[in-house]
Amino acid sequence: MKRIIFFVICSIFIWQYSYAQLGTHWKKIRHEVMFGVGTSNFMGELGGANRAGSKFVRDFEFKSTRPTFHVGYRYKLTESWAVKAGLFYGWVHGDDSFSIPDENAEVHPENERFDRNLHFRSPIVELTANIEYSIIEERYGHRYDLRRVKGKANKPNLYVFTGISAFYFNPKAVWPEEEGGDGKWHALQPLGTEGQGIVPTREKYNRIAVAIPVGVGLTYLLNRYWAVGFELGARYTFTDYIDDVSTTYVDPSIFDDPMAAYYSDPSLPGWQGSAARNQRGDNISNDFYMFLTINASYKIRPRYKGAAKF
């Protein structure tokens, strides 16, 4: 009987010690680096879902999806809170040709967008600083299955985040050869396609802007140091010119450059919607983009003497 009591006491002590070590594991490994690949998607004035100028994810168009890459660094403040710095490099794209016209309707929102015939692509280089809160805190189960003391299973880390981002963009479009162009992609901001820099009341937009990231992520530990997961983040930007489209058309005669005149109004023949002061974009809502990445992360092992070994 004494042996049984002694064994039970030892088992409880070992279990409590193991749990305590797991509970403070985050303090010993606070630093984490990560990298990932994924997709980006843009929602603005161009293209979008087959409905009239929808907002947010209702305007999602799968054909606009482009790749993105990500590296980052995370530091745990507490078991539930962390801060993260990240660098994203991706592309966004939009094209009015994605809007499917309704041939049976004389007036239809998709017909208007299709006939407008605008398109663009742009890199997105984003530096972001986020704060994360873990709804479910990650836990790596202890490795021992003692008699009557079952080893604990891994717990994923489910977190939400927000912060602030600064990003660079540079919208470009093709000047078609059939329109007298060279068939190459050209930057649109220097041309002032809506009269920026030409019309006194319209200044050229800055190609560096600010955004507020909001999203959710999940990671799962493969061992003490390596983890995999995903992250979905939306960017609410403070610019409406990622696609170079925001306000109204201008009189094409103000342009000395034939390329600028074409890009200001590449609408299809017969469309009457591009007269000066007619709506070209929607400056009520700013542009929006999002990243979905699959990530791998590595917790940096402490190097100081006496660091816990797991």
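The values are calculated or read from the model by the stated rules, or taken from the named source; none is laboratory data. The model shown is predicted, which means the values in this text are computed figures rather than measured ones. Don't worry about glycine lacking a Cβ; one is built from the backbone with ideal geometry, like all the others, and counts go over all protein chains shown.
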Kindly indicate the residue of segment 132-165 that is modelled with pLDDT of 80 or more and among the acidic types (Asp, Glu) and also nearest to residue 86 (Cα to Cα) among those meeting that condition.
132
Among the residues of segment 229-243, the number that are part of a loop (DSSP other than H, G, I, E, B), crowded, with 18+ Cβ neighbours inside 10 Å and under 15 Å from the mean Cα position of the chain (by Cα) is 1
If you take the residues of segment 246-275 that are touching a Gly at 6+ places or on another chain (Cβ under 7 Å) and free of Cβ contacts under 8 Å to residues at least 60 places away in the same chain, which of them is surrounded by the fewest Cβ atoms within 10 Å (Cβ to Cβ)?
254
So in segment 283-303, with the set limited to residues that are over 22 Å from the mean Cα position of the chain (by Cα) and assigned to a loop (DSSP other than H, G, I, E, B), which one is farthest from residue 162 (Cα to Cα)?
303
Any chance you could count how many residues in segment 214-228 are within 17 Å of the chain's Cα centre (by Cα) and among the β-branched types (Val, Ile, Thr)?
2
Restricting attention to segment 97-119, and to residues there that are in a loop (DSSP other than H, G, I, E, B) and modelled with pLDDT of 75 or more, which single residue is surrounded by the fewest Cβ atoms within 10 Å (Cβ to Cβ)?
117
When segment 177-194 is checked residue by residue, the ones that are in contact (Cβ under 8 Å) with a residue 60 or more places away in the chain and not in a helix (DSSP H, G or I) are 180, 181, 185, 186, 188, 192, 193, 194
Return yes or no: is residue 229 farther than 18 Å from residue 168 by Cα, touching a Gly at 6+ places or on another chain (Cβ under 7 Å) and not hydrophobic (A, V, I, L, M, F, W, C)?
yes
The listed residue being surrounded by 14 or more Cβ atoms within 10 Å (Cβ to Cβ), of a type outside the set (Val, Ile, Thr) and free of Cβ contacts under 8 Å to residues at least 60 places away in the same chain, out of 278, 283, 295
283
Residues of segment 163-173 being over 23 Å from residue 228 (Cβ atoms), assigned to a strand (DSSP E or B) and not hydrophobic (A, V, I, L, M, F, W, C), in sequence order, are 165, 168, 172
Of the residues in segment 213-245, those that are free of Cβ contacts under 8 Å to residues at least 60 places away in the same chain and within 12 Å of residue 297 (Cβ to Cβ) come to 222
